[in-house]
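Just below is one structure, and these are the notes that go with it.
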Amino acid sequence: MPEGHTIHALAGRLNRAFAGGSVRVTSPQGRFAGGAQILDRRVLVEAGAWGKNLFVEFDGDAWLHVHLGLIGLFPVVPLPEDLRGADPEDIPTTGAVRLRIVGDGHVADLRGPMTCALVTGDEIAAFTRRLGPDPLRPDADPDLGWAKLSRSTRPIAELLMDQAVLAGVGNVYRCEVLFRHRVDPMRPGKEIRQSTWRAIWDDLAAMLPLGVVYHQILTMDDQIEAAQAEIAAGQAPRHTADLTGERLGDHFERRFFLYKRTGEPCLVCGSKVRSKPLAGRTLYWCGRCQRRR
Ligand SMILES: [Zn+2]
């Protein structure tokens, strides 16, 4: 399941390829034919993300809501010269394409989404009211997440994955951020200190944008520092060539405090990293280091 930063990155790619221009919209597979017909030839105003949900605004209060789910893909690729201006049906498809967006120079094919729906602005507002705050959104209010978390008897490691409490955080960030603050993952939300929640929130708000820029989850202090320094110096990788969102090779070495390190020594105290299923995903933690609440 993609974490929220990948959906924000996808929104950025859609904007760079299509925003401000009129687009052709089709459903080669046919399952979104009615919605595609309504969106066809409208101006794609802007794409945005809230957690793992993608919202694309078209002129005339028409919105597309996409959730990729476990297997969905939405690559944005440049059109070869000879296909620019071609009819969308004349561009070859691979697999079952639910939704296709074609602009002047790019095509985006959505395959296998959990959700692909035509909605109104009001429906989006109603939907996002049920979602927790997303640290990648400038309008995010961490107190809304705290209000839910601090009333819950469920473990914090479960609550951090609950999209109604906090939107966009997946398994890697939840494990790593709990370790970074030495928080006991099994502590019920209502026993967590507000200052702990705030520290976790601020940390995620600092780490997630690095995931958007580098297409890589960075949680190690040295890598976070290096990435922030590169960005500050204007030396972060450029996005112009990586519209597809495919992995382009890791810019930083792929390493974490705990993630997928079951049985290996904790990088801080040396005791064995533990793991067990929690909220549908494998939780990794250090029983010695993580005692705080
Ligand atoms: Zn440890």
Any lysines whose Cα falls less than 17 Å from that of Lys272, other than same-chain ones fewer than 8 residues away, would be Lys260
Taking Cα atoms, the helix 221-232 axis meets the longest principal axis of the chain at an angle in degrees (rounded to 10) of 40
For the pair Glu123 and Gln37, the simple spin-label estimate (label points 7 Å beyond Cα toward Cβ) gives in nm 1.6
So for region 1-61, using the alpha carbon gyration tensor with a ≥ b ≥ c as root eigenvalues (a/c under 1.5 gives rounded; past that, a/b versus b/c decides prolate or oblate), I'd call it oblate
The answer for the longest stretch of the chain without any exposed GluC sites (Glu not before Pro) (DSSP loop, at most 13 further Cβ atoms within 10 Å) is 1-245
Cα-based Rg and Dmax for the chain, in Å, come out at 20.4, 62
If one compares the long axis through the Cα atoms of helix 171-180 with the longest principal axis of the Cα atoms of the chain, the angle in degrees, nearest 10, works out at 30
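Report the charge-dipole magnitude of the chain in Debye, nearest 20, computed about the Cα centre from +1 at each Lys and Arg Cβ and -1 at each Asp and Glu Cβ. Don't skip to the end; give the middle numbers.
Details: 38 positive and 35 negative charges, 365 e Å.
Magnitude of the dipole: close to 1760 debye.
Just add up the charged neighbours of Ala19: K/R +1, D/E -1, any other residue whose Cβ is under 11 Å from the Cβ of Ala19. Can you show the working numbers first?
Details: positive: Arg13, Arg16; negative: Glu46, Glu57.
Surrounding charge for Ala19 is 0.
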Rounded to the nearest Å, the spacing of the alpha-carbon centers of region 47-106 and region 194-220 is 28
The chain, Gaussian network, Cα under 10 Å: of Ala226, Ala17, Ala206, the residue fluctuating most is Ala226
Taking only the alpha carbons of region 142-285, the radius of gyration and the largest Cα-Cα distance, Dmax, both in angstrom, are 16.0, 47
Pseudo-spin-label distance Ile71 to Leu83, built 7 Å along Cα→Cβ, given in nm, is 2.3
Rounded to one decimal in nm, the spacing of the 7 Å Cα→Cβ label points at Gln235 and Asp90 is 4.7
Given backbone amide H placed at 1.01 Å from N, residues whose amide H is under 5 Å from that of Trp50, ignoring those fewer than 5 places away on the same chain, are Phe55
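Wrap a convex hull around the Cα atoms of region 1-137, take a quarter of its surface area, and give that in square nanometres.
Working: hull surface 30.6 nm².
If I average the Cα hull's projected area over directions, I get 7.7 nm².
So, R0 is 35 Å and r is the distance between the beta-carbons of Ala279 and His251; what FRET efficiency does that work out to, to 0.05?
Numbers: r = 29 Å, r/R0 = 0.84.
Computed FRET efficiency for Ala279 and His251 comes out at 0.75.
Any read-out appearing in this document is the output of simple, stated calculations on the displayed coordinates, not a laboratory observation. Quick caveat, the model's predicted, so the values are computed rather than measured. Quick reminder, even Gly has a Cβ in these numbers, built from the backbone with ideal geometry, and neighbours come from all protein chains shown.
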